[in-house]
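Visitor: Attaching a single structure in structure tokens format; questions to follow.
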Amino acid sequence: MYHHPPLLLLLLRQRYSSEVFRSLEKGFGVIMASNSNRLVIIGLDGMPYHLIKDLAESGVMPNTRAIIENGVFSQMESSIPEISSVAWSSIITGTNPGQHGIFGFTDVPDGTYRLSFPNFSDIKTLPFWNHEGNGRAVIINVPFTYPARSLDGVLIAGFVALDLKRATYPSSLIPKLNEMDYQIDVDSSKAHRSLDLFLKDLDKTLQARIAAYRYLWDEENWQTFMLVFTGTDRLAHFLWDAYEDESHRYHSAFLDHLHQIDNVIGEVASRMNTGDSLLILSDHGFELSQSDIYVNFFLTQEGFLKFRDTPPKSLADIDQGAKAFALDPARIYINLEGKYPRGSVKPEDKEAIISDLETCLNSLEIDGSKVIKRICRKEELYHGPYLGHAPDLVLLGNKGFDFKSGLKATKLAGRGVFTGKHSQKDAFLLINKSSPDIIPESPSVSDIVGIMNKLRGET
Amino acid sequence: MTGNRQEGNMRAHNAQCTCWNCPAIDLTGKVDFRACGQSREVFTQEQGDESEAYIVAECKRRPELGLFDPMTITFEECPEWKSTHYGYLLKNMRVIILGLDGYLGWTLALWLGSLGCEVSGVDNFSRRDWVKERGAHTVVPISRMTERLHAAKEVLGININFRQIDILKERDKLREFIEEVKPEAIVHYGECPCAPYSMIDVDHATFVQQNNVLGTLGLLFTMRDLVPESSLIKLGTMGEYGTPLTGRPLFEGMFPANAVLHWDDREWSLGGELTPRDPVSFYHVSKVQDTYNVYEACKYWWLRSYDVMQGVIYGVNTPQVATDPRLRTRLDIDEWFGTVINRFVAQAVIGFPLTMYGAGEQIRGFIGLEDAMQCMTRLITHPPEPGQYDVVNQMSGFYSVNHLAHTVAKVASKEFAIPVTIQRVENPRVESDIHPFEPIYNKLPDQFGFKPKVTLEDEIYRMLELLTQPHIKQRIEEKKHLILPRTWWSGIKKQVETLEILEEIKYEPSSTAYRP
């Protein structure tokens, strides 16, 4: 049962700024704290169900294993496309991309070829911590929550968040974070120079994140505490092969990072009160990457895409006559007349172009292997007021094929430095409660808010 | 979209520049969405896959755009860039001019102010002091700075934000001012621009090199710390190249892509390498040292700069300085600070035989004051990309000294009925009197749309118009003893002697001859 704050404080909250309110609220800490039936969410970005299962069983993640044994552990579907910006937007809002309006890390506003990078301000539906009656929240490192906005609580945004000042609410927390040497994310450019340097930075980032969680856990009088670890995803991108290959130089480093995460899970579980709920989840899974597929190169090769300059500097180089273009990872947009500056497809021809594309894409093979598992039209995937802004087609690849839609590729397929790629079906969900009816039969990322509400309602 | 935003019938030279060039952009970081990775190291040059990472930018003027790829908005499309005769210009662009009180600095301040730029400037009035130290003065009288600023406001409606600062000795003050203004372009005229002055003695040589080289070095550090996105338009000189006797072309700072070095049956591409410099005085050496410092700063810190190898400047006229006597820019004719055409015109006005050094066959590149202003404006409107160091040879033509003397004599005689005599005097410099000269100066016309507007004869005419005015003629008379050089590169102290007096040049006055 949720304990409402006293009426006096609700009135004060309406009247005064959050900063003032926060200090008042602290004064009423004893009254405010419900100290039971709180909700703790731990996110492990990119961690697949089968990896958590393996590591729990093999003893690398014993604390997680204990929770699995006494709770509910399930596979979960990610969003389509299976990338953090879309998946986490669905997780925190409980809505699908047609409703929250986020279809990828990049977007092209109508009437332009400007490649924009949407952020938290562009999410059209409210995150759960802004829902009425959910109480004070501490939100740490949830991807796509930059720039930080005011809330009843504390928020430190996660990737993409390049400026800690604008990533933090309230701003009074910034000196403390600087003191901890807090950094939002591991500097991924380090991995291109040296994996040792990357692992060192990964560890540094993790330790600072742990310090921030400990501080805010004690300092804040929260009802919901959400902590996301994103280093797991970076680790998997660069060293998934090290996980699969026990003889790999960095195999133990990979396991060690997950072991440290498990220690935090154990610590959090031990600090929870009776009646508190713990929800551990990931936003998508991972698998071994075998080949990168460059979608815009394919579209150019097949005559669907034309640029004014070769190589193109940006999407702004799209030429008259281009029928379609792609944004990462594999979102295809029809270059529709009236929608884009050099739109060349008349609305009445759109269906024919989409059909041509489907036929062409379906035939794509690399070394005899069919590349595309499924071509989704937007109407199959999304619903809501922002459906019109969705990509016309989204590609799902067969195992091992990793789609990229940069403009610099000079070949159809290749291998980059990344050994791991996202997978769509293999995210996970773990709850420290044994009531199976809390979770739908085939859960997906947009079910999380509903699950949280059920957990809050459970006595 | 702005389909008609063009320069005349031509597309503006900077129409296709993007936010990548724009100083109003904040390059926030680098994001690699393929690996969900971010980095604050915007400009780390990585190989391979990393090149697929996106640079993430924010517009300081249009924050509503959020984060975006800076390559995807052109100046032509951006409402913050307005169409002008010189290409798209950032609205109310904030420009700091270092050396605002000088011959070029003051002229450019009024020129940019009239185009709508927010002009700020710095000077410590040292040019006035150096000229005074030599016992000379500007023959075109100039006002004190307070009066100049007042007149600019009163006559042209231009507000200039001026601060008296020595950029070498008062680096903290300069930092404060730059932090306050947050310039989107910095024009660096704030150096001692004088070869003979640097050759007077050891004190003058060390002063010029310290002032120029260290002042500029300090500026580069300040830009790194405060305004790395601002473009630096730095004044160099064609004199950095010298006049190599090999006759190789004087490329624009760097060898072109197809230049090849052959040696010992082997060959190497020289494309993109800095060309050799052969400076012709300790002043010119300071400019060469600047070139390397600016080049390195662009390489280390991704600053962006155009190094302007300006030909010998001449002239007195722009629409702004000619508006009011209080707005005039200085004009020096003494042996130290006077440039050749300016000095020849002054000599003609008072009947002082024009003085060619040695054979008079030295060839130099030249540019008129108004054309120089046009070039600087075009460079400001077309900022370099982050990390880009580029060089332009800023000149509109090249002539021998002999040709110049005869042109001045012809215009003075024909249009002003002033007979002119030319003399050859000893050459106090160490230079070749006769040499090959093949300057390359294509970038400004080809890439920046520069079209020279003022011919040599036109500007000489305009100078004679001004310098024949009695009060100015009187000021020339007062300092005519400072025209013949006494500063020898060898170090000897004596006035040069006349080698030969050439014929008097006298034309029939033209029907449209000037009548003061």
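The values are calculated or read from the model by the stated rules, or taken from the named source; none is laboratory data. Source: prediction; values computed, not measured. All Cβ positions, glycine included, derive from the backbone under ideal geometry; neighbour counts span all protein chains shown. Ligands, DNA and RNA are excluded from the accessible area calculation, which covers all protein heavy atoms including side chains. Shrake-Rupley method; radii C 1.70, N 1.55, O 1.52, S 1.80 Å.
Visitor: What figure, in Å² to the nearest 10, do you get for the accessible area of B:HIS13 with a 1.4 Å probe and non-protein molecules left out?
Guide: Rounded to the nearest 10, the figure is 40 Å².
Visitor: Rg and Dmax of region B:156-207 over Cα atoms: what are they, in angstrom?
Guide: In order Rg, Dmax, the Cα atoms of region B:156-207 give 15.0, 45 Å.
Visitor: Per residue, how many Å² of accessible area does region A:62-101 show with a 1.4 Å probe?
Guide: Dividing the accessible area of region A:62-101 by its residue count gives 27 Å².
Visitor: Over the Cα atoms of region B:344-479, how large are the radius of gyration and the largest Cα-Cα distance (Dmax), in Å?
Guide: When restricted to the Cα atoms of region B:344-479, Rg and Dmax are 17.6, 54 Å.
Visitor: On to the next question. Kirkwood Rh, region A:258-345, all Cα pairs: how many Å?
Guide: Values: mean 1/r = 0.0586 Å⁻¹.
Radius from the Kirkwood sum: 17.1 Å.
Visitor: Let me ask another. Which part of region A:169-189 falls in the paramagnetic zone of A:ASP218, meaning amide N under 19 Å from the point 7 Å along Cα-to-beta-carbon?
Guide: Under 19 Å, as judged by backbone N against the label point of A:ASP218, lie A:173-182 of region A:169-189.
Visitor: In whole Å, what are the extents of the protein assembly as shown along the principal axes defined by its C-alpha atoms, from largest to smallest?
Guide: So the three principal-axis extents are 112, 68, 56 Å.
Visitor: Oh, and also: Please compute the modelled spin-label separation between B:GLN447 and A:GLN75, points set 7 Å along Cα→Cβ, answer in nm with one decimal.
Guide: 5.7 nm
Visitor: Defining a contact as two alpha carbons under 8 Å apart and six or more residues distant in sequence, what relative contact order in percent does region A:90-131 show?
Guide: Relative CO of region A:90-131 lands at 43 percent.
Visitor: How far is helix A:251-271 tilted, in degrees, relative to the longest principal axis of the Cα atoms in chain A, given as a value from 0 to 90 rounded to the nearest 10?
Guide: So the helix axis and the longest Cα principal axis differ by about 40 degrees.
Visitor: If you don't mind, there's one more thing I want to ask. Provide the descending list of Cα extents for chain A along its principal axes, expressed in whole angstroms.
Guide: 68, 56, 44
Visitor: Could you work out how far apart the two model spin labels at B:THR246 and B:GLN474 are, taking each label as a point 7 Å from the Cα in the direction of the beta carbon, and quote it in nm?
Guide: According to this spin-label approximation, the distance is 5.5 nm.
Visitor: If contacts are Cα pairs under 8 angstrom and at least 6 residues apart, what is the relative contact order of chain B in percent?
Guide: 16 percent
Visitor: For region B:413-516, compute Rh as the Kirkwood radius over C-alpha pairs and then the Stokes-Einstein diffusion coefficient at 37 °C and 0.692 mPa s; write the answer in µm²/s, rounded to an integer.
Guide: In µm²/s, the coefficient is 185.
Visitor: A further question on this structure: Multiply the residue separation of B:THR146 and B:HIS403 by 0.36 nm, subtract the distance between their alpha-carbon atoms, and state the gained length in nm to one decimal.
Guide: 88.5 nm
Visitor: Please find the FRET efficiency linking A:ARG271 to A:HIS383, where r is the Cβ-Cβ separation and R0 is fixed at 41 Å, and quote it to the nearest 0.05.
Guide: The calculated FRET efficiency here is 0.55.
Visitor: What nm distance separates the two modelled labels at B:THR84 and B:THR206, each placed 7 Å from Cα along Cα→Cβ?
Guide: Taking the simple label geometry, B:THR84 and B:THR206 are separated by 4.3 nm.
Visitor: A further question follows. Leaving out ligands, DNA and RNA, and with a 1.4 Å probe, what % of the accessible surface on region A:380-459 is carbon or sulfur?
Guide: 52 percent
Visitor: At a Förster distance of 56 Å, what's the computed FRET efficiency of B:ASP225 paired with A:SER434, Cβ-Cβ distance as r, to 0.05?
Guide: Efficiency computed from Cβ-Cβ geometry: 0.40.
Visitor: Something else about it: With an 8 Å cut-off on Cα pairs and a minimum separation of 6 or more residues, tell me the relative contact order of region B:400-515 in percent.
Guide: Relative contact order here is 54 percent.
Visitor: Any idea what diffusion coefficient region A:79-190 gets from Stokes-Einstein, in µm²/s, Kirkwood Rh on alpha carbon pairs, 20 °C, 1.002 mPa s?
Guide: D = 145 µm²/s.
Visitor: Which residues does a label at B:GLU296 reach in region B:198-231, if reach means a backbone N under 11 Å from a point 7 Å past the Cα toward the Cβ?
Guide: B:217
Visitor: Can you give the Kirkwood hydrodynamic radius for region B:52-180, in Å, rounded to one decimal and based on Cα pairs?
Guide: Every distinct Cα pair counted, the radius reaches 17.3 Å.
Visitor: At 1.4 Å probe radius, can you tell me the per residue accessible area of region B:87-245 in Å²?
Guide: The answer is 34 Å² per residue.
Visitor: Same structure, new question: How big is the accessible area of A:LEU364 in square angstrom, nearest 10, if you roll a 1.4 angstrom probe over the protein chains?
Guide: Here the residue's solvent-accessible area equals roughly 10 Å².
Visitor: Further, regarding this structure: Against the longest principal axis of chain A, how steep is helix A:18-27, in degrees 0 to 90 to the nearest 10, with axes from Cα atoms?
Guide: 30 degrees
Visitor: In whole Å, what is the distance between the alpha-carbon centres of region B:429-486 and region A:117-142?
Guide: 67 Å
Visitor: For chain B, max minus min Cα coordinate along each principal axis, in Å, sorted largest first?
Guide: Largest first, chain B extends 79, 66, 47 Å along its Cα principal axes.
Visitor: Let me ask something additional. Using 0.36 nm times the number of residues separating A:ASP196 and A:ARG374, minus their current alpha carbon distance, what extension gain do you get?
Guide: Full-extension gain reported as 60.3 nm.
Visitor: With a 1.4 Å probe and every protein chain kept in, tell me what percent of the accessible surface of region B:61-177 is carbon plus sulfur.
Guide: It is 47 percent, rounded to a whole number.
Visitor: Just the Cα atoms of region A:343-414: what Rg and Dmax do they give in Å?
Guide: In order Rg, Dmax, the Cα atoms of region A:343-414 give 14.0, 41 Å.
Visitor: Can I ask one more? Once the other residues with Cβ under 11 Å from the Cβ of B:PRO193 are scored (Lys, Arg +1; Asp, Glu -1), what is the net sum?
Guide: Cβ neighbours under 11 Å give a net charge of 0.
Visitor: Using a probe radius of 1.4 Å on protein heavy atoms only, what is the accessible area buried between chains A and B, both sides summed, to the nearest 100 Å²?
Guide: On the way: alone 19050 and 21700 Å², together 37420 Å².
Buried area between the two chains comes out at roughly 3300 Å².
Visitor: At most 16 other C-beta atoms within 10 Å and a DSSP loop state: those are the exposed chymotrypsin sites (Phe, Trp or Tyr not before Pro) I care about. Give me the longest piece of chain A that has none. Don't skip to the end; give the middle numbers.
Guide: Details: sites that count: A:TYR2, A:TYR16, A:PHE28.
With chymotrypsin sites (Phe, Trp or Tyr not before Pro) excluded where exposed in loops, chain A gives A:29-459 as its longest stretch.
Visitor: Compute the Kirkwood hydrodynamic radius of region B:183-330, taking the inverse of the mean of 1/r over all pairs of distinct Cα atoms, and give it in Å to one decimal.
Guide: On the way: mean 1/r = 0.0578 Å⁻¹.
After inverting the pairwise mean of 1/r, the radius is 17.3 Å.
Visitor: Of the DSSP beta bridges with both residues in chain B, give the percent that are antiparallel, rounding to the nearest 5.
Guide: Antiparallel bridges: around 45 percent, rounded to the nearest 5.
Visitor: Now a separate question. Write down the accessible area per residue of region B:388-431 in Å², having rolled a 1.4 Å probe over the full set of protein chains.
Guide: Working: 1330 Å² over 44 residues.
Normalised by residue count, the accessible surface of region B:388-431 is 30 Å².
Visitor: Assuming a viscosity of 1.306 mPa s and a temperature of 10 °C, what translational diffusion coefficient in µm² per second does Stokes-Einstein assign to region A:209-300, Rh being the Kirkwood radius over Cα pairs?
Guide: Translational diffusion coefficient: 98 µm²/s.
Visitor: Can you compute the helix-only [θ] at 222 nm over chain B? Use -39500 (n - 2.57) per DSSP H run of at least 4 residues, normalise by all residues, nearest 500 deg cm²/dmol. Numbers along the way, then the final one.
Guide: Details: 14 runs with 148 residues, N = 516.
The per-residue figure over chain B is -8500 deg cm²/dmol.
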